[in-house]
Each structure stands twice: as structure tokens, then as C-alpha cells.
Amino acid sequence: MTAYLIRRVVQAVIVLLLVTVIVFTMLHELPGGTARAVLGERATNDSIAQFNAEHGLNNPLPVQYWDWLSQTLQGDLGFSYKQNESVAQLLSERLPKTAILAGISVLLALVIAIPLGFLQALRRNKPIDYALTGAAFIFYSTPAFWLALVLITVFAIHWHVFPAQAPQGSVSNILSQPSGLVLPVATITLVSIAFYSRYVRSSTLENLMQDYVRTARSKGASTSRIAVRHVLRNALVPVVTLVGLSLPFVFAGTLISEQIFNYPGMGLLFYNAAVARDYPVLLGVTLVVGAATVLGSLLADVCYALLDPRVRYVKN
Amino acid sequence: MTLPIPRRGRVAAVVLAVTLSLIAAAVAGAGSSHRQAGGGTATIALPPGTTPDFIFPIVDGAHYSVANIEQFQRLMYRPLYMYGKNGKPVVNDAASLANPPVFKKGNTQVTITLKSYNWSDGKPVTARDFTFLLNLLKASKKNWAAYLPGDIPDNVKAVKISNPKTFTLILDRAYSPIWFTGNQLSQLMPIPQHVWDKKSASGPVGNYDTTTAGATAVYNFLIGEAKKPSTYASNPLWQVVDGPWKLSAYRTDGYAAFVPNTRYSGAVKPKLDKFVEQPFTSAQAELNVLRSGGVDYGYLPQSEVAQAKALQAQGYTFSPWIDWGINYMPFNFASPTVGAMFKQLYVRQAMQMVIDQKGYVRSLLKGFGWPTYGPVPVQPSNPYVSEFVKAGPYDYNPGKAASLLKSHGWTIHPDGASECTGSCGPGVKKGAKLEFKLIYASGDTTVSQEVQAWKSAASKIGVKLDLSEAPFNQVIAAAAPCKSGQACKWEIAFWGGGWLYGVNPIPVGDQQFLCGAGANFGQYCDSTNDANIHGVQRQGGLGPMTRFQNYMAKELPVLWVPYRPYQLSMIKKTLKGVHQSPILSLTPEDWSFSK
């Protein structure tokens, strides 16, 4: 397992580097110049030339990439062209916010989806299965922004039960105002429950057909023991993979909720940087999301091996 | 095979109980409210993407914005002359740091007397604070977004200090008092020399600014501090102010909270306990909070104007914020393919005459907007606009536009591209077609509707417009002055925002219409126009301004299109004293809550 982990880490680093090269190249191929995008329509030719010179934008692309990479390896992610803040500072402020929102949403979705999916499988083709399947499809196909607006209209504007915006400020401020997180978490959770419950349902059904269930029953195991000790555990294996691959979402995937609920997180940071051609920020976010993706995939594989004793990561 | 659900009630019950208790806990702390205690706290909603992020008054290009200068810095540091009074773009004497300037010796000298203002640490604001600023500007002018070669500080040959409150600027030539006060002096915010004239945080204060090297070192130190926005509310440097407000809290998402400067020397003292600028990630997010009563001074997105009545019933006043600007689409006169056609005045006139500005205001802007007829705005009411421009020389008249083209050798092909079959003007070859590429900014429904409407009207006289949409930044990047040796592909551009005469309130057009000016994207160049612009800058009275704008209105260096309000404000009825300055500056010291 140790050798496997080391191999995976090396692979992850290579993948990350490749991702940064691709993103770096694509960014610089975008039409329109960075200088004018940052300095605005009042920029003079002199100020544009000065901006390009100061930020090395006149250098060949490989030189620009090497400068960025060597700076990053020394722990300096650069300074935002537009936001008057270091990239590291921006990430350190926004990442925890997105992680809180997405993390709570994913966790809550799993807590609800796993029993629901399991129930649906155990009660396959019964009215409860149909009802929950219908609800899952409705929420899964509902656009997140529309759901958010409906929740705000009902719970914030008409009934004044929750605030219309998410909590503002630092992480401690956010956590001290849980009421403000209810609607944004609900928006993400309701869509995610549908996603996870369907996977749990189909995985459970698949396991219920396995020979080991019949064997366990014939050996006298009780229904509850079969369901919880055997079927559920095996049914969760694909869910573990899904959760691992959700890590990038936890780090940067809540753009819609951030926009509707006034919650500046990583999604908006990336979007605004893309519009403003703010390369240092874009590359910083890419690095974070790339790292989250490879880490999530690695964690999923490790958990997979822990859950399923048949899986062993050995050479050949 | 199906299995009975083991302990089926328990799992569901646990989930339900947890969910309900979360909701109950949340409800206990739900809702937003601000209790008015004493003067109260007023919260203003900032438009998305326009948050303050730069506190140092020498602003670079990336941060040169209304959000930073008019709505952040000027709350703390007063300029010599602040513009915007009673909804007009004129000097606000009460908010200005200095008494009206006195021009003499043929307008080659101007004497400025500072009012008896003190800094918040009790030290007086003096001429030394002004010379400190000027010295830093000289050392750093290339980094100052407002710098234009030949303008401040280049045009100040010397400063003669008569006493701590009075100084005279010896200028390099005669200047129009109107222009020099509005576009030069109003940009200058004296800064506290006794606190800021240092080269490091721990170093002593000195007179380092009196040498170029010293001024550069001081500037670099201050810029370095300005690049730490998370320290804006705590860094002692930024706590010494002469404006009515002090920054008490600041977040890098743009949230800024101000408390009154108790030592403010100005005539109008703050009445509120606190003033908050609340950033929003989107107009929709702001609208949601507005509808729930969470801001005192918000705005309606133009597409949601139908909600104004409902919000008025909730206790808000609907008040469009009329700002001081113009809107236009530049032609690319340097285009190798179509530049020659654009250089023909009759072509520009014909294209202008198929833009139904009044119709667009009525139907697309729902009445919230006004036409642009020249470089001087017709709204708000102002002393600068001429009667000729107010009347609008080119009304919507497709018939006249078609006749104009025909009389200059064009064969009109409605719904196609008209063709030059006669003598169409210098550089326009026979067979040339009236077909142009128009790149416009995406994400704005009104912009999109306007270009579609124009395309439709233009097609009737055989002017074919090939539309392409791109993000705003891409449009302004694409619509750059063409350089020789580089591809020059754009023909007409429309970024939708036009030009705001904010920090430079005198509408002289030197940045957009002078030959070679940085924002003269289409490279329009006319020696008469240049002479007119210089006349506005150098000659007294409003005569040169009239000459300049009438010429521009006739010559059509760009296509004029409707301008719309900065925002459709919704202001709580209990919040009194709000005057919406056309320069977009905020004066919350005028505000108070009624009981």
C-alpha cells in the first residue's frame, strides 16, 4: 500500500503540472489583452505598455510559465491584478467559506440520501419507492438558481423565517449565524440528495442479488444483520468513490449559490477572475481545484481498499 | 428478493429529528435586523463588481474607479474641490477643502486658500499637505491613472506658499478656470504629510518628499501599505483623515463600515452612528435582500423595474440616480477595410439617423434613460450643455438617411448591403459595400436589444451590420487603437457603459476625442476638434465649451446612443437627506433617519 501511495502522489504531481500548463496556455490564448481588461477603457497606450512590462506579459509564454512556476514553488502564488490582494490571501479567505457551505451540504445530502436510497432499494417498486424516485427526479432536474429563488421568496421575503443572504464576513461570523446558511445549504442539498440516493439505490439493488445474501440467509443471519452488516457496507463502495470525486466541488463548486445568496467564495473568485483576465488568481484556483481533484481521487481509492478487502494495491 | 426494513422507523425518525432541531435552532436566530440607536446605521448596497479595494489617493489604473475614489476615499480624504451639488455637476462648496480658487495674471496663476480644517489627530490641514501630495505625484505620475502628459503635475511650474493655509500655483500657461478647477484641482486630495512622509512603517517621519528619490521611496512605502487591504481599518496610517468619516471595519470582499470623524471640521457633520457599504455578488442577490428589507439604500436591476411599486408599498422611495455621462459606439477610422467609409461625414450621419434614441428610451429602457447628442450630457440639468446639443441635430429619420446615401453615389439595397456605384468620396472605391462588423458586450439585455433594433433599422437603408457578442473586457480589449504592423479587425464597438465624467467633471473630451488620446479607440483625428478642446482647457468662459460640443455633435466622431441612470435607487422613506450626486460621490454626512 505504501508503494502504491507513493506512486499515486508522484502521478498526482505530474497531473497537476500538466493541468497548469494547459490552463496557462489556454488563458493566454484568450482574445483581448489582459492589460486593457484590467486597466479599463481609460487606459492609455503608455499605461498598457507599463502594465505588460511590469507583469512580464511581453515575455514568451514558456518564460512566463517558468516564472510563475518557480514563484509558486517558493510559496508565492502571486498578486491579483485586479483585487489588490495576494492570491494566497484571497484563497485563504474564500476557500474555508466554500468548504463550509459545500461541505455541510454534501454531508447533509449523504446523511439523508444513504438511508433514502437504501429504503428505496429495500422497498423496490412499492409506492414509497415511486414517490421518492419522483421527488428525486424533480429536485435533480430543478435548476439550482431557480430553487434558490423559490426558497428565498418563500422563506425570506414572505415568511421572514430565514435571511435572504448567507452570513457575511469571517468563518467565525459565518458559523455564528447558522440561520443564514439554511437556505443556501438547502439549495445544494436538495439537488445532491437526488444524485446520491439514486446511486445508493442501484448499488443496493445490485448487492441484494448477490449470492452472499442468499448464503447469509441460509446460515441463519437475521434480516437486519444481512442488511446492515453486509449489503449496506458493500452498497456504499461506489458512493465512497463519488464522495471522493466531490472534493473539487467542495473546494470550488458553489458558484450559483454564491451568486444568489451573496456569499463570495471560490466559485465567484474564479468567475470574476476569468472575466477580468486576472491570471494569477485563475492559476491559483486551478492549482487548488486540481489538487483537490487528485486528492479526492486518491482518498476514494484508499477508502475503496479499506472497505473492500478484495482490493489490494500491489504491483502486478 | 426484498428484505423487511430493519428498524425502519428509527432511521427516518433520527433524520427527521435532527433536521427539525436544526431548523428550530436556526429559526431562533433568524431574520436580519438593525436597530436604530441614536443616529442609527445606514446600509447602502454596492453594485456587483464595484467594491472599494484601494485606499491610497494616488490610484493606479487597475483601481481607478468610482467605487474607490468617489465612494470610498472621498469619505475620508477631501479633495480641494468636490463636485456634485443638488443633483448638478457643479462645485459643492460645503464639502470642499478649499475656498473658491482665485485665478490671476491672465489665468496663469491660481491662489488657493484652505479652509480651517484639521486632521483627525488634531493637526491642521496645511499647504504642506498639498505640496506633499504634489511631490508624490511628480515622482509617481506614470503610476497615477488620472495622469495625462501635460496635465497635473506637469503644468504646475512652481508652488508659492504665502502662509500655512494659502498657496499659489504658478502654471505653465493660461488655463480656463472652469476646466482647471474641475478637471485638475478637483482630483487633488491633500494627504497628511506629518504622518505619511516616511519610508517604512517603523521609520521616522521626515521631509523625504522634497527630493525625487525621497518622494519615490515614500510613494513605494505607501503603495506597499495600500496593497494590504485587510489592514485598512487597523493600520494607523489610514486612521488620520480630514473627511467626515473614518473607516472602522473593512473586508476584502468590499464590505466597508465607517464611523463619524469626531474631529471633522466641515460644515455638515455626520448624524448617523455608522454607515455601511455592503457588497453584493449579483444584482439578484441584492434584490432579494432589498425585498426582505435588509438594506436602507439599494437598487433595482433595470429588468426588474416592475417591482418598484411593490417596494414602494414596503416603505421605499423609487429614485433613479442620474449620473453625468454619455454613451456612444466608436467607429474604427483606422480600419483598412472600412475606415475610408467611416471618414465620410454623410455615412456617419446616415448611420446616426437610423438610431431611434427616443424610441429606445421609451421601449427598451422603459423611460429610464435619455438620448446622447454630443459630448456634453443633456441630463442632469447643467450649465455646460448648449441649446444646439439639447435639441439633437440628428433625429431618427431613415428616409433622410437613405436620401443622403443616394445623393452620394450609393445604390440602396434594403435588407442587403448598399453598394457604391457612383462617386462616394475619397478612398471609397466603386463596389464598396455598407457592411460593418459590430462587436458588443454580452450580459446586458438592453445593449443586446439596442443593437438588434439598430441592425433592423439600418437594414432598411441597406447598412448591413454583422453582430458579434463578447464579454465586456473582451470588447474594450478588442476596441483598442490599431497599431501599424498588427491586425486591425474591429469596425464598430459597443461596450454599453459609455463614458462617465466622474473624477473629471468638466466634459471636455480630451481623453476620448483628441488626436492620439488613450481612449480615442477609433483614432478619430480632426485638427479643428483638437483646437476646440484646447480652447475649453485654456480659454475662459463657456463659449469654447459651446463651440467644442456643437462641432462634435455635428461631426459625429462616434455614434451617439442613449444613456441610462447609474442605478434605479430604492431608498427607505425613513432615510432622509439623500442627494444623489451626478458625480456618483456619496455624502452620508447629510443623511439621517426620521423617527
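Each value in this text was obtained by applying a stated rule to the coordinates, not by laboratory testing. Model, not experiment: these values are computed from the prediction. We place every Cβ from the backbone using ideal geometry, glycine too, and count neighbours over all the protein chains shown.
Quick notes on this structure:
- Average Cα contact separation per residue, chain A, under 8 Å, 6 or more apart, as relative contact order %: 27 percent
- Span-rule helices in chain A, defined as complete DSSP H runs reaching 27 Å or more along the axis (Cα) with Kyte mean at least -1.0: A:2-29, A:87-122, A:179-208, A:279-307
- Amide H contacts of B:Ser248 (H built 1.01 Å from N, in plane; Pro and chain starts excluded): B:Ala257, B:Phe258, B:Val259 sit under 5 Å, all sequence-distant by 5 or more or on other chains.
- Signed unit charges on C-beta, dipole axis of the protein assembly as shown, positive-most listed residue B:Phe548, B:Pro562, B:Gln187: B:Pro562
- Other protein chain C-beta atoms within 10 Å of residue C-beta, averaged over A:257-264: 6.
- Across the options B:Ala453, B:Leu169, A:Thr204, the greatest Cα extent toward the positive end of the charge dipole of the protein assembly as shown (unit charges at beta carbon of Lys, Arg, Asp, Glu) belongs to A:Thr204.
- Cα gyration tensor shape of region A:8-102, rounded if a/c is under 1.5, else prolate or oblate by comparing a/b with b/c: oblate
- Overall form of region B:454-587 per C-alpha gyration tensor (a/c, 1.5; a/b vs b/c): oblate
- Segment B:Val268-B:Thr421, length gained on full extension (0.36 nm per residue, minus Cα span): 48.3 nm
- Per the Kirkwood formula applied to alpha carbons, chain B shows a radius of gyration over Rh ratio, Rg over Rh, of 1.03.
- Three-way shape label, region B:105-156, alpha-carbon gyration tensor, a/c 1.5: oblate
- Long-range Cα-Cα pairs in region B:365-475 (distance over 17 Å), rounded percent: 67 percent
- When each of the peptides A:267-276, B:579-588 is scored by the mean number of other C-beta atoms lying within 10 Å of its residues, the order from highest to lowest reads B:579-588, A:267-276.
- Only the Cβ atoms of Lys and Arg (+1) and of Asp and Glu (-1) were treated as charged; on that basis the dipole of region B:319-389 about its Cα centre amounts to roughly 180 debye.
- Counting, for every residue in B:53-62, the Cβ atoms of other protein chains within 10 Å of its Cβ and taking the mean gives 4.
- 5 angstrom amide H check on B:Phe593, placed H, neighbours 5+ away: B:Lys576
- Protection proxy ranking of B:518-526, B:120-128 - average other beta-carbon atoms within 10 Å, highest first: B:518-526, B:120-128
- Mean partner shielding of peptide A:79-87, defined as the number of other chain Cβ atoms within 10 Å of each residue Cβ, is 5.
- Volume per residue that the Cα convex hull of region B:70-119 spans, once the total is divided by residue count, Å³: 96 Å³
- Reachable lysines from B:Lys309, criterion Cα separation under 16 angstrom, eight or more residues apart if same chain: B:Lys366, B:Lys572, B:Lys573
- Pairwise Cα inverse-distance average, inverted: Kirkwood Rh of region A:166-316 (Å): 18.5 Å
- Region B:72-180, relative contact order [Cα under 8 Å, separation at least 6], %: 24 percent
- Mean residue ellipticity (222 nm) of chain B, computed from DSSP H runs ≥ 4 via -39,500 (n - 2.57), nearest 500: -7500 deg cm²/dmol
- Rg to Rh quotient for chain A, alpha carbon positions, Kirkwood Rh: 1.06
- Dipole of the protein assembly as shown, positive direction: furthest Cα of B:Gln357, A:Val161, B:Ala334, with charges on the beta-carbon: A:Val161
- Charged-residue dipole, Cβ positions (Lys, Arg, Asp, Glu), the protein assembly as shown about Cα centre, Debye nearest 20: 1780 debye
- 3J(HN,Hα) along region B:249-258, derived from phi through the Karplus expression 6.51 cos²θ - 1.76 cosθ + 1.60 where θ = phi - 60°, amounts to 8, 8, 10, 6, 7, x, 5, 9, 10, 10 Hz, with x in place of Gly and Pro.
- Taking chain B and dividing mean pair separation by its residue count, relative contact order in percent (alpha carbons under 8 Å, at least six apart): 19 percent
- Stokes-Einstein diffusion for the protein assembly as shown at 4 °C, viscosity 1.567 mPa s, with a Kirkwood radius from C-alpha pairs, works out to 42 µm²/s.
- Virtual paramagnetic centre 7 Å along Cα→Cβ of B:Ser202, amide N under 12 Å, in region B:230-246: none
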